[in-house]
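Some notes on the structure that comes next.
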Amino acid sequence: MKAVLLDADTLGNWQGQPNDLGFIDLSALEALFDEFQVYPLTLPDERLPRCLDAEVIITNKVNLDRELLSQLPNLKVIQLTATGMNNVDLEACKKLTIKALNVEDYSTYPVAQLAFQFILNFATRTIEHNALVKSGAWQQSRIFTLTDYPTLEVAGKTLLIIGQGNIGKKVADMATAFGMNIIYAQLPNRPVRENQIPLMQAVQKADFISLHCPLSDETHHLVNHTFLDLMKPSAYLINTARGPIIDETALLNALKHNIVAGAALDVLTQEPPSDTNQLINAQLNNLVITPHIAWASQEAKQRLISKMVDNLEAVIG
């Protein structure tokens, strides 16, 4: 059986040595197949020739649309190296009897870890205080301390979690350990749960808001001008879910005019962002952006590989 991995670079350091920092071991995947071809990245016009004889396609972000899939008569399985399946035409897969598989719950802890780190950074202003020390400001202080940036305690503060899946629950566990009050939002067009509060009511109660919902028609630009205007001026927004959940123009306006206290984003609408990205170019002191790293702990990557192997063994035998 032949398999192709179309964008191995999305997994990190797969071409190094086992003792290299961050090395990702693909040998368990390779052992499943008679032929296993690995490509660092695949451009749109390279998809067909690389996939033509494959029975299994493994990919993260390569777009597998109906036009391409209809030209792959040998294809039996698509395995995503991710949870989201937005880049695969699932209806075409059904029609062509191609199994489409994803991997869930491999990065719950590191995503929750970064989300809560953002909360703590806003509370302690770690980034700003570190910059003060490196600038020489502490060395010039008249007293033993330097408190240019006010800090706060998260204990007793209210955290609104939007998305009550595994990651949202893990963030709640962490926040509870720090003495925070947890509330959950009722998302539009979703079944009502007893422990949830209607979204726009919940937004007004929160000191911190952390997004953990999937991207869908209902959640696209869920965070818009109306949402942001309802937030407390002292509240912080955190997104480790999907970029398009936030209307970036609305967020930029809210940050510039102090409608909200700050935001921390690990995801953006376009990834990688363009040189003209308005949020990055604004150079705002109340905005922290990291390059989609929440999922990418070493442990999570190897957990991802193991779960992919389990998936494929169950399907191809």
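Note on the chain: GNM, Cα springs under 10 Å; of VAL267, VAL88, VAL203, the largest mean-square fluctuation is that of VAL88. Normalising by residue count, the stretch 225-317 has a Cα convex hull of 130 Å³ per residue.
Within the straight-line cut-off of under 26 Å between alpha carbons, the lysines reachable from LYS99 are LYS2, LYS61, LYS76, LYS301, LYS307, sequence neighbours fewer than 8 places apart in one chain being disregarded.
Taking Rh as the Kirkwood radius computed over C-alpha pairs, what is the Stokes-Einstein D of the stretch 109-168 at 4 °C in a medium of viscosity 1.567 mPa s, expressed in µm² per second? Stokes-Einstein gives a translational diffusion coefficient of 94 µm²/s.
Packing, as the average of other Cβ atoms within 10 Å across residues, places the peptides 43-50, 107-114, 66-73, 226-233 in the order 107-114, 226-233, 66-73, 43-50, highest first. Computed over the stretch 207-247, relative contact order equals 64 percent, with contacts defined as Cα pairs under 8 Å that lie 6+ residues apart. For the stretch 170-262, the relative contact order is 24 percent, taking Cα pairs closer than 8 Å that sit 6 or more residues apart in sequence and dividing their mean separation by the residue count. Under the criterion of Cα pairs below 8 Å and six or more residues apart, the relative contact order for the chain equals 15 percent.
Computed over protein heavy atoms with a 1.4 Å probe, the accessible surface of the chain works out to 51 Å² per residue. Shape descriptor for the stretch 47-191: Rg over Rh equals 1.22 (Cα atoms; Rh from the Kirkwood inverse mean 1/r). Computed per residue of the chain from DSSP H runs no shorter than four, each worth -39500 (n - 2.57), the mean residue ellipticity at 222 nm is -9000 deg cm²/dmol.
Ranked from largest, the principal axis spans of the Cα set of the stretch 1-75 equal 42, 24, 14 Å. Among LEU255, LEU101, LEU284, the largest mean-square fluctuation in a Gaussian network model of the chain, built with springs joining Cα atoms closer than 10 Å, belongs to LEU284. Ranked by the mean number of other Cβ atoms within 10 Å of their residues, highest first, the peptides 79-87, 308-316, 127-135 come out as 79-87, 308-316, 127-135.
The values are calculated or read from the model by the stated rules, or taken from the named source; none is laboratory data. None of these values were measured; they are calculated from a predicted model. Every residue, glycine among them, receives a Cβ derived from its backbone with ideal geometry; neighbour counts consider all protein chains shown. Remember, those area values only see protein heavy atoms, side chains included, never the ligands or the DNA or RNA. Shrake-Rupley method; radii C 1.70, N 1.55, O 1.52, S 1.80 Å.
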